[in-house]
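The values are calculated or read from the model by the stated rules, or taken from the named source; none is laboratory data. Just so it is clear, the structure is predicted and the values come from calculations on it, not from any experiment. Cβ: placed from backbone, ideal geometry, glycine included. Neighbour counts: every protein chain shown. With ligands, DNA and RNA removed, areas are computed over all heavy atoms of the protein, side chains included. Shrake-Rupley method; radii C 1.70, N 1.55, O 1.52, S 1.80 Å.
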Amino acid sequence: MYDEEKRPAPGPLAGFTVGVTAARRADELGALLGRRGAAVLHAPALRIVPLADDGELLAATKQLIGQAPDVVVATTAIGFRGWVEAADGWGLGESLIDRLREVELLARGPKVKGAVRAAGLTEDWSPSSESMAEVLDRLLEEGVDGRRVAVQLHGEPVPGFVEALRAAGAEVVGVPVYRWMPPEEIAPLDRLLDATVSRGLDAVTFTSAPAAASLLSRAEDRGLLPELLAALHHDVLPACVGPVTALPLQARGIDTVQPERFRLGPLVQLLCQELPGRARALPIAGHRVEIRGHAVLVDGDLRPVPPAGMSLLRVLSRRPGWVVARSELLRALPGAGRDEHAVETAMARLRTALGAPKLIQTVVKRGYRLALDPAADAKYADA
């Protein structure tokens, strides 16, 4: 016989739905989230122009080979590898490598350093923090007045970096290794936007500033920007892989969470801490009930709940132990109309889904209430 006590514990993200806006490494991020129990809604907010088709990169490469810079700043591993591979495809690979051997080569972080060395080069310096701010500090301390600095861009200009170098007298050459474009299929992004606005997501992740900017731009195009900002302010957690990624959101007044290390793994671990911490946990009818995005943990057992049932449960949990009228519950049901019988039907399904019918009490002629344990009444009376 199946022993319920041996049932594996649900993952830390079980019951939560997380949006993924990444175009690159989206499968990896989705797998990390899924292994921890999350439901994942993926919608690439942008696409990447193939390197070999990018005339701007070809022109910049020829310019640098023809006129050597003093310094080259490599900012991303994938970008540096792609640059070398594209140059090879154009018959310029050897010339580019020879030129890079002659310059001061700075690599932002261990991954970039690995890509530089894989190309047969050696970096002159790399910051321990992986911070572009630290790279900028070093360049400004060295002095850049009259020097030519080539910066490998990653999708968009590094905010403030190029401007600070130019203000200090440098000639800056941008190397656009890949460029962001709107997604070819806009429907998935619209679905993610709609899910965010309707609070169907618990969190949305961003791994690049252009992805964040693209979602905001699409919301503005559809007239949904105020609703999106309200959702990200109060109900849907915006999680960014790092501070540069967060800039478009912060410019709109949105606070984000970011891991200390700017990697996908730490980003997922951060969500594993943040989302359960935001869930409402209540002592009800002798059980511990934790209300998550699309499911409920009852004594640690995950119980998927239909959307209508979750709507009712959220209303009841705002004032646990208090009676909520059927009319108020009816207003919480999407598309329910005026028939209060819809509340009874949804409530019956909710009780079945929870597997513990006594969690919710019917108060005759008045409505429904969560059967909050007596010892908790004082704590939650004014909730």
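Given Cβ point charges of +1 (Lys, Arg) and -1 (Asp, Glu) and nothing else, what value in debye, to the nearest 20, does the dipole of segment 290-329 about its Cα centre take?
So the magnitude is around 180 debye.
Let me check I've understood the local charge: for residue 330, count other residues with C-beta under 12 angstrom from its C-beta, Lys and Arg +1, Asp and Glu -1. What total comes out?
Numbers: positive: 326, 331, 338; negative: 328, 339, 340, 344.
It works out to a net charge of -1.
Only Lys, Arg, Asp and Glu count, each charged at its Cβ (+1, +1, -1, -1), so figure out the dipole size of the chain about its Cα centre, rounded to 20 debye.
Numbers: 45 positive and 48 negative charges, 380 e Å.
So the dipole magnitude of the chain works out to roughly 1820 debye.
What FRET efficiency comes out for residue 117 versus residue 234 if R0 is 56 angstrom and r is the Cβ-Cβ distance? Round to the nearest 0.05.
Working: r = 46 Å, r/R0 = 0.83.
The computed FRET efficiency comes out at 0.75.
On the accessible surface of segment 226-365, probed at 1.4 Å, how many percent belong to carbon and sulfur atoms? Don't skip to the answer; put the middle values down first.
Details: 3590 of 6900 Å².
So the carbon and sulfur contribution to the accessible surface is 52 percent.
Please compute the per residue accessible area over the chain with all protein chains in place, 1.4 Å probe, rounded to a whole number of Å².
On the way: 18170 Å² over 383 residues.
Dividing the accessible area of the chain by its residue count gives 47 Å².
Calculated from DSSP H runs of 4 or more alone, at -39500 (n - 2.57) each and per residue, what is the 222 nm mean residue ellipticity of the chain, nearest 500? Can you show the working numbers first?
Details: 16 runs with 165 residues, N = 383.
Value at 222 nm, helices only: -13000 deg cm²/dmol.
Would you mind checking segment 202-220 for residues with the amide N under 15 Å from a putative spin-label position 7 Å along Cα→C-beta of residue 279?
202-203
Computed FRET efficiency, Cβ-Cβ of residue 263 and residue 181, R0 25 Å: what is it to the nearest 0.05? It would help to have the intermediate numbers written out before the result.
Working: r = 25 Å, r/R0 = 1.01.
Efficiency, rounded to the nearest 0.05: 0.50.
Give me the percent of the accessible area of segment 56-148 that comes from carbon and sulfur atoms, probe 1.4 Å, all protein chains in place. Present the calculation step by step, with values, prior to reporting the outcome.
Values: 1860 of 4250 Å².
Solvent-exposed carbon and sulfur of segment 56-148 make up 44 percent of the total.
At a 1.4 Å probe, what is the % contribution of carbon and sulfur to the accessible area of segment 171-219?
Details: 880 of 1730 Å².
Answer for segment 171-219: carbon and sulfur cover 51 percent of the accessible area.
Total Lys pairs in the chain closer than 29 Å by alpha-carbon, pairs eight or more apart in sequence or interchain only? Before the final figure, lay out each step's value.
Details: 6/358; 62/111; 62/113; 358/379; 365/379.
Final tally of qualifying lysine pairs is 5.
Just to be sure I understand the model, the point goes 7 Å from the Cα along the line to the Cβ. What's the resulting residue 70 to residue 56 distance in nm?
For residue 70 paired with residue 56, the spin-label model returns 2.6 nm.
Could you size up the charge dipole of segment 249-294 around its Cα centre, putting +1 on the beta carbon of Lys and Arg and -1 on that of Asp and Glu, and report it in debye to the nearest 20? Walk me through the numbers on the way to the answer.
Details: 7 positive and 4 negative charges, 17 e Å.
Using only the charged Cβ atoms, the result is roughly 80 debye.
Which order do the peptides 145-152, 104-111 take when ranked by the mean count of other beta-carbon atoms within 10 Å per residue, highest first? Numbers along the way, then the final one.
Numbers: 145-152: 18.5, 104-111: 20.1.
Going by the mean number of other Cβ atoms within 10 Å, highest first, we get 104-111, 145-152.
Using the Cα centre of the chain as origin and beta-carbon charges of +1 (Lys, Arg) and -1 (Asp, Glu), tell me which of 233, 68, 281 is placed farthest towards the positive end of the dipole.
About the Cα centre, the residue reaching furthest to the positive side is 281.
In the calculated pair distance distribution of segment 14-63, what percentage of Cα-Cα distances lie above 12 Å?
Working: 825 of 1225 pairs.
Above the 12 Å cut-off, segment 14-63 has 67 percent of its Cα pairs.
How many nm is it between the label spots at residue 319 and residue 339, if each spot is 7 Å from the Cα in line with the beta carbon?
Taking the two extended label points, one gets 2.8 nm.
Relative to the present Cα-Cα distance, how much length would full extension add between residue 138 and residue 217 at 0.36 nm per residue of separation?
Working: separation 79, 0.36 × 79 = 28.44 nm, distance 3.49 nm.
Taking residue 138 through residue 217 to full extension adds about 25.0 nm, to one decimal.
Using the eigenvalues of the Cα gyration tensor, what equivalent ellipsoid semi-axes result for the chain when each is taken as the square root of five times the eigenvalue, whole Å, largest first?
Working: eigenvalues 547, 80, 66 Å².
They are 52, 20, 18 Å, listed from largest to smallest.
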